[in-house]
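These notes are about the structure you will find just below.
The values are calculated or read from the model by the stated rules, or taken from the named source; none is laboratory data. None of these values were measured; they are calculated from a predicted model. Here the Cβ positions follow ideal geometry from the backbone for every residue, glycine too, while neighbour counts run over all protein chains shown. We work out accessible area using only protein heavy atoms, side chains counted, and drop any ligands, DNA or RNA first. Shrake-Rupley method; radii C 1.70, N 1.55, O 1.52, S 1.80 Å.
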Amino acid sequence: MAVIHRALFTWFTTLDFLIFLVLKLDGKINWNWFLIFIPLWVFDAVVVIYLTVNMIIHCKNGYDRNHSDLSLRRKGWFLACAVLKMVFQVLLCLKLQYVQSLSLYFVMIPFWILATGAAGDIFKGLVLINRR
């Protein structure tokens, strides 16, 4: 899939989610919160499938077809980020729809792990760029 197709898919799924979210918060629709998040789960499913296939190809050949410099460990980190995001979304929907007594601290744990890991990853990348 070309870069423009990936960008368009990302923008359209985000736009769909935001439209559904605004309609839900405005009271125009009375849908389940799990239905509101469907565009994001479709996007996450595509990302997980893409990363999994890419990791399998990497393991099978020992390198990537497109000769990217991403290691298998980095691809695994990307996969873990996608899974953490999906877990956060499920917990958030459970809290909003069914279990209002669920602690917000518990719901936010996957997000905090994701944010901390992303900050560490960015810091590591900045340090490596400055060493070159």
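Can you tell me which residue in the stretch 83-132 is modelled with the lowest pLDDT, limited to those that are small (Gly, Ala, Ser) and surrounded by 10 or more Cβ atoms within 10 Å (Cβ to Cβ)? That would be Gly125.
Residues that are without any contact (Cβ under 8 Å) to a residue 12 or more places away in the chain, more than 23 Å from Phe20 (Cα to Cα) and in a helix (DSSP H, G or I) within the stretch 84-108 comprise just one, Tyr105.
Between Asn30, Asn66, the distinction of being outside any helix (DSSP H, G or I), at pLDDT 85 or above and open to solvent by 90 Å² or more (accessible area, probe 1.4 Å) belongs to Asn30 only.
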